[in-house]
Amino acid sequence: MSRLPLVLLVAGLVVLPFYAGPFWLQAGLFAMSAAVGAIGLNILTGAAGQLSMGHAFFLAVGAYSYVWLSAGSERAAGVELSGLGLPTGLAAVAAVALAGAVGWLCAPLAGRLKGAALGIATLALVFVGQHVMYRAEAVTGGANGRAVPPLELFGLRFADAPEPPLVLGVPFGGLEQLWYLALVVLGGAAWFARGVLRSRPGRAFNALRDHEIAAGALGVPVARLRATAFALSSMYAGLAGVLLALVFQRTVPEYFGLALALDYLAMIVIGGLGSVGGAVAGAVFVALLPSLLTRYGDALPLVAEPGGPGLAPAEAARMLYGVVFVAVLLFLPTGLRGLAARLRPPARPARAAADPTPATPKTEEQPA
């Protein structure tokens, strides 16, 4: 019975492209790609207890690696752009692996630092990445960014076509095809993370988070475990970066900045640390809020179009989920996951099995 809401949710997501317009499909794609990255950060911070504020850097590694590996050499906006021209499917896999390798190289930071010191050190990665993205114009395209080659997989081209194929009378363009790709990727990422957290590595992550010295005394390889968590989280971020690049269709350095790093930290705190479902819920909340305010901001007070009198939708969204962030820390430490657990009706106690042996009447004890 508890699986019924999940089944209904998945069924709704499957049929949504047949009824929703481009706005809702694009907003949903942003939310699903953000959920993949939030799951990876929750493994690192929520399960393993390592504060990381450089998640945006690894998203950029995944996005730009995919573009550089799949695009060919060309000239755009007066800049000579380089590329390897690999098949896009191979380039996507290689981009995820490259993000994990960069995370593994950064793992010594986690081995030597912890807590706020580790958060500040990983935050420096964001600024280093911004500098590289603006300066390495041959690879990144500089401030103007670079066009993203559409993914081609199993004979399917995930991009708009002059005559899109019809499915049950509905034209399936690039957004509709990317929707199902992102849905499969998110489901696989959530299933794998759930398996990791419920298995022996997940218990070791929790032991490392709760008491590092005791975990080391029990034989847990602390340094190797930290590096594994960092690399796994970086691979999730790289996968989210590839999805974002495919949805945006252009990589821009400005997007992968400090604001995105703080967004991901808000996602896992609002959703609930250490939980896959909480990471997905927090990502959906944080990712959809700016889009909804942009769409329906005219009906809300103090929200106006960018450049007009009042708050821009992005600013209003950050202020709103900033308030939610503080409220969660003060009143709901377990996040949206804990709120859902409180609202769930209590399970009915199982009825005890009947004892086939008939009860024997008590008799008074005879005096000796």
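The values are calculated or read from the model by the stated rules, or taken from the named source; none is laboratory data. Keep in mind the model is a prediction, meaning the values are calculated, not measured. As a convention, Cβ positions derive from the backbone with ideal geometry for all residues, glycine included, and neighbour counts pool all protein chains shown. Just the protein is used for accessible areas: all its heavy atoms, side chains included, with ligands, DNA and RNA removed. Shrake-Rupley method; radii C 1.70, N 1.55, O 1.52, S 1.80 Å.
Restricting region 120-147 to residues that are touching a Pro at 6+ places or on another chain (Cβ under 7 Å) and closer than 14 Å to PHE58 by Cβ, the residue that is most open to solvent (accessible area, probe 1.4 Å) is GLN130.
To keep it simple, each residue is scored yes or no on (1) without any contact (Cβ under 8 Å) to a residue 24 or more places away in the chain; (2) open to solvent by less than 40 Å² (accessible area, probe 1.4 Å).
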{"residue": "LEU6", "(1), (2)": "yes, no"}
{"residue": "LEU13", "(1), (2)": "no, no"}
{"residue": "PHE18", "(1), (2)": "no, no"}
{"residue": "TRP24", "(1), (2)": "yes, no"}
{"residue": "GLY28", "(1), (2)": "no, yes"}
{"residue": "VAL36", "(1), (2)": "no, yes"}
{"residue": "TYR66", "(1), (2)": "no, yes"}
{"residue": "LEU69", "(1), (2)": "no, yes"}
{"residue": "VAL79", "(1), (2)": "no, yes"}
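What about GLY103, is it part of a helix (DSSP H, G or I), over 15 Å from the mean Cα position of the chain (by Cα) and at pLDDT 85 or above? So GLY103 fits the description; yes. ARG344: modelled with pLDDT of 70 or more and of a type in the set (D, E, K, R), yes or no? Judged against the criteria, ARG344 is not a match.
Cβ separations smaller than 6 Å between residues 6+ apart or across chains give the following pairs from region 264-289 residues that are more than 18 Å from ALA56 (Cα to Cα) to residues that are open to solvent by 20 Å² or more (accessible area, probe 1.4 Å) and among the small types (Gly, Ala, Ser): GLY271/ALA281; VAL276/ALA190. Of the residues VAL196, VAL222, only one is modelled with pLDDT under 85, β-branched (Val, Ile, Thr) and touching a Gly at 6+ places or on another chain (Cβ under 8 Å); which? So the residue among VAL196, VAL222 that is modelled with pLDDT under 85, β-branched (Val, Ile, Thr) and touching a Gly at 6+ places or on another chain (Cβ under 8 Å) is VAL222. Going through (1) modelled with pLDDT under 85; (2) in contact with a Phe, Trp or Tyr (Cβ under 6 Å, 6 or more places away or on another chain) one by one, SER2 falls short only on (2).
Of all the residues in region 58-87, those that are closer than 25 Å to PHE192 by Cβ and touching a Phe, Trp or Tyr at 6+ places or on another chain (Cβ under 7 Å) number 2. Against the test of being at pLDDT below 80 and open to solvent by 90 Å² or more (accessible area, probe 1.4 Å), the options ARG318, ARG250 yield a single qualifying residue, ARG318. Only a single criterion out of (1) open to solvent by 40 Å² or more (accessible area, probe 1.4 Å); (2) touching a residue at least 12 places away in the same chain (Cβ under 8 Å) is not satisfied by GLY103, namely (1).
One residue alone among PRO164, PRO150 is under 30 Å from ALA76 (Cβ atoms), open to solvent by less than 40 Å² (accessible area, probe 1.4 Å), part of a loop (DSSP other than H, G, I, E, B) and not small (Gly, Ala, Ser), and that residue is PRO150.
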